[in-house]
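Just so you know, all these numbers are worked out from the coordinates, no wet-lab data involved. All of these numbers come straight from a predicted model, not from anything done at the bench. All Cβ positions, glycine included, derive from the backbone under ideal geometry; neighbour counts span all protein chains shown.
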Amino acid sequence: MPYQDVEIPSAFSFAWDTVKVLRDLGGSGSIEEMNEAVVKWRGLTEEQQAVPHPRGNRSEIEYRLAWARTLVKNLGLITNSQRGVWALTSVGQTVTREGVDELKRERSRRRAAARKKAKRAAQEAGLAADDVTEVIEPEDDDEVEETDWKTELLDVLREMDPYAFERLAKRLLREAGFVNVTVTGGSGDQGIDGTGLYRVSPLLSFPVYFQCKRYSGTVGSGKVRDFRGPMIGRGDKGLLITTGTFTPDAKAEATRDGAPPLDLIDGDELVELLREHGVGVTSTPRTVYDVEIDREFFKSL
């Protein structure tokens, strides 16, 4: 079925889900934990999860969940830290589903009134309403929009020749501590693009098989099973690297009981590793602290 024919819930409809899953997680959680919990709670299919967002390295569901978090944050129900951990505010801890819906309606009324006022002011100034740039309750879209350098680098990676991308993976693994890294070349060895020996210490090491996928969308559980198949009887550890993202079902399949475990590296993690190890990326660290004590936070626990 074409992506455009797959129906996906709106970002607004995920508002209450965002609050609920944070409660289920104990009041705080990472983006990954929240996304997986919402997907499970709403029963979203892998087909829905596979729809890519036109821009950036995420699925359409992940994009809409990001907007839902921004919406709920603007409603004063959740907050987030610099480390990407989201938590319920004191209001978010007690608000009901009906309360969330009322807050959304009030927000819509407020924005509509502000938009009407801006257009009226434009007309009084002799300007066409369409010529006026409105700034009405600006959205905090830092999380929604991909960091510029990450988006740019992912675009570069997706345009690479497949074999060049495999060689890049080989270089990265070496920088990360692997030895005897080899790339199979050609069409691969039954789905395995290369092997390496990960040295934990001078006394301990183990072989790892890896596969590289230059995807713009999501990688589902089927691709994980396809990769694991050729590993059976040959190795106990696998590494699946992609420029896309992995669905929650793919992540669950990677750690399924009774099957060789697989580590998954998505596009966001891949570009961070390239930056960390200085492979094609140069970064200058900068640390700035602006400390403020939130007394209400400690009282609310």
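Some points to look at:
- Length gained when the stretch residue 174-residue 290 is fully extended (0.36 nm per residue, less Cα-Cα span): 38.0 nm
- Once both labels are positioned 7 Å from their Cα atoms along Cα-to-Cβ, the gap between residue 42 and residue 10 label points is 1.3 nm.
- Extended-chain gain in nm, criterion 0.36 nm per residue less alpha-carbon gap, residue 299 and residue 97: 70.3 nm
- Taking the centroid of alpha carbons for each part, the stretch 33-88 and the stretch 216-275 are 21 Å apart.
- Note on residue 24 and residue 108: the model spin-label points, each 7 Å out from Cα along the C-beta direction, lie 2.5 nm apart.
- Net +/- balance of residues flanking residue 179 in space, Cβ distance below 14 Å, scoring K and R +1, D and E -1: +3
- Cut-off 10 Å between beta-carbons: net charge of the residues surrounding residue 30, Lys and Arg +1, Asp and Glu -1: -2
- Long-range HN-HN contacts of residue 237 with modeled amide H, under 5 Å: 209
- Efficiency of FRET between residue 206 and residue 269 - r from beta-carbon atoms, R0 22 angstrom, step 0.05: 0.60
- Under a 5 Å amide H cut-off, with hydrogens placed 1.01 Å from N, residue 89 pairs with 78, 79 among residues at least 5 apart or on other chains.
- Cα-based shape type of the stretch 1-94, given that a ≥ b ≥ c are square roots of the gyration tensor eigenvalues and the cut on a/c is 1.5: prolate
- Summed side-chain charge close to residue 45 - residues other than residue 45 whose Cβ falls under 14 Å, Lys, Arg +1, Asp, Glu -1: -4
- Phi-based couplings in Hz for the stretch 193-210 (Karplus 6.51, -1.76, 1.60; Gly and Pro marked x): 8, x, 9, x, 10, 8, 9, 6, 7, x, 9, 9, 8, 8, x, 10, 9, 10
- Amide proton proximity set for residue 205, modelled H, under 5 Å, gap of 5+: 200
- Integer Hz, Karplus 6.51/-1.76/1.60 couplings in order for the stretch 154-163, x for Gly and Pro: 5, 4, 5, 5, 6, 8, 5, 4, x, 6
- Integer Hz, Karplus 6.51/-1.76/1.60 couplings in order for the stretch 21-35, x for Gly and Pro: 5, 5, 5, 5, 7, x, x, 8, x, 7, 4, 4, 4, 5, 4
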